[in-house]
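Any read-out appearing in this document is the output of simple, stated calculations on the displayed coordinates, not a laboratory observation. Remember, predicted model here, so these are calculated numbers, not experimental data. Every residue, glycine as well, gets a Cβ built from its backbone with ideal geometry; the counts of neighbours run over all protein chains shown.
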Amino acid sequence: MAAAWRRSERSERGAHDQSAEHVGMLGKLAAAVRTGLDTRWAAVTLADGRRVVSGSEDGPAALTLPVRGGLGRIECGTRDRGRLHEEDQRFLEALAVPAGLAIQSAGLAARLVNAQEAERRRIERNIHDGVQQQLVALIAGIELARATCGDAETLGHLREQAGQTLQDLRELAAGIHPSALTQGGLVEAVEARCSRLPVPTQVFARRELREERFPDEIEGAMYFTVSEAVANALKHAEATTIEVRLDRSAGRLSVAVVDDGKGFGSGARRGLATPADRLDALGGGLELDSEHGKGTRVEGWVPVGG
């Protein structure tokens, strides 16, 4: 966890450094305009609202020039002595092309930084929601085998589960969508995930749903919701049986994970924060119904149309 935190810190620091570099480039452009026209201030404003000012902006702009392509605008204030003339306007217009290139470069670099950060967070979520929960289930299985003096069949099952977890970790490290989802779809992937659990687990889904495919982000969100819910059932609820139901109706794809465990307190909701965020980002939601001694029901859904 400490290593992961350090990687995250380095990534965020790198993104911050690149962002500062982009701001610095725009600042140099604003300073060049201010120096060239000998004005009190000059500013470069991007289309997304970001603004860099050179000097002290102490009044309305005396000259404004839109940058080609709707990328932003360049503004400058008044001079301490004298007024701005037509040649000053022509000077500003001459900067339109290099200014546009600079602004476009800054915008592209910022998008690349954002894309890198989004990808880092995606892999981080997938590791947390997928492999980490598989490891939790594996540990629970080992503890159960130790308590019951597990036979060769049980140990072989645990070995197979460990091998699958290692494969999933390698895929995530390479940034690949889990192969179980890619190859077989949501229902098949959920069945494969639940078949490796140390307690009896049943998966129910209609035949037509088994044959239907959904966008990667939807299948991933539902799969990781199941992974987190069953891991919680094993780790916290001490469940002896688990039931998973997948369904599509009324424009929604839904999943319900029900266990017969001892139930959770309010802290269980924090453990489901990440899958809840995933579903929320897709326009869906997650609900938890749990009481001490009465088991737990986790329900998640996303809109799929039709």
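Observations, loosely collected:
- Local net charge near residue 262, Cβ-Cβ under 10 Å (Lys/Arg +1, Asp/Glu -1): -3
- Phi to ³J(HN,Hα) by Karplus 6.51 cos²θ - 1.76 cosθ + 1.60 over segment 239-248, Hz, x for Gly, Pro: 5, 10, 9, 9, 10, 10, 10, 10, 8, 9
- Scalar couplings 3J(HN,Hα) for segment 181-189, obtained by applying the Karplus form with A = 6.51, B = -1.76, C = 1.60 to θ = phi - 60°, are 6, 4, 7, x, x, 5, 4, 4, 5 Hz; x denotes Gly and Pro.
- The fewest-to-most ranking of 63, 135 by surrounding Cβ atoms within 10 Å reads 135, 63.
- Multiplying the residue separation of residue 38 and residue 216 by 0.36 nm and subtracting their alpha-carbon distance yields 58.6 nm.
- When 218, 74 are arranged by Cβ crowding within 10 Å, least crowded first, meaning fewest neighbours, the order is 218, 74.
- Residue 56-residue 207 pseudo-label distance in nm [points 7 Å out on the Cα-to-Cβ vector]: 8.1
- Label-point separation, residue 153 to residue 250 (7 Å along Cα→Cβ), nm: 4.2
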